[in-house]
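Computed from the coordinates by the stated procedures, all read-outs in this text should not be read as laboratory data. Keep in mind that this is a model prediction, so the values were computed, not measured. When we count neighbours, we look across all protein chains shown, and the Cβ atoms used for this are built from the backbone with ideal geometry, even at glycine.
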Amino acid sequence: MELPKFLLGDNTDYPNAIFIVHTEFPRFIINLENDEVEWLEEFDKEDEKELNAEAENLFQSANEFYDRELARYED
């Protein structure tokens with residue numbers, strides 16, 4: 001099965017939270033309510049350096065995905 005790069009998620013236990021799931025490496029879930037990130041990968045020290053450089057771009061892409069999805073719902 002091919003998954004989209006980003007998925008939107010919600011949960012009634014967290015009524016104010018909106019989650020974005022990044023399905024490609026490095027996989028993560030970001031809570032847009034408080035910008036908390038849960039990484040679904042384990043990283044070694046060498047990977048963390050590269051991850052820090054890439055993380056800002058990934059989070060920006062996640063926010064752009066969310067904005068695009070909202071715009072589509074409003075149409």
Give, in nm to one decimal, the length gained when the segment between residue 2 and residue 54 is fully stretched (0.36 nm per residue of separation minus the Cα-Cα distance). 16.4 nm
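Assigning unit charges at the beta carbon (Lys, Arg +1; Asp, Glu -1) and nothing else, what dipole magnitude in debye, to the nearest 20, does the stretch 1-56 show about its Cα centre? Before the final figure, lay out the partial values.
Details: 4 positive and 17 negative charges, 43 e Å.
Here the size comes out at about 200 debye.
For the chain, what is the calculated [θ] at 222 nm in deg cm²/dmol (nearest 500), taking -39500 (n - 2.57) for each run of four or more DSSP H residues and dividing by its residue count?
Numbers: 1 runs with 30 residues, N = 75.
Taking each H run of at least 4 residues, the total per residue is -14500 deg cm²/dmol.
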Equivalent ellipsoid semi-axes - Cα gyration tensor, the chain, angstrom: 23, 14, 12
Among 20, 31, 4, whose Cα sits farthest toward the positive end of the charge dipole of the chain (+1 at Cβ of Lys/Arg, -1 at Cβ of Asp/Glu, about the Cα centre)? 4
With Cα atoms, 0 to 90° folded angle of helix 45-74 axis to the chain main axis: 10
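Longest exposed-loop-site-free stretch of the chain, with trypsin sites (Lys or Arg not before Pro), DSSP loop and at most 13 other Cβ within 10 Å?
Values: sites that count: 5, 27.
By the stated rule (loop sites, at most 13 other Cβ atoms within 10 Å), 28-75.
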Qualifying GluC sites (Glu not before Pro) in the stretch 1-52, DSSP loop, other Cβ atoms within 10 Å at most 16: 2, 24, 33, 41, 42
Point-to-point label distance, residue 23-residue 72, nm (Cα→Cβ direction, 7 Å offset): 1.2
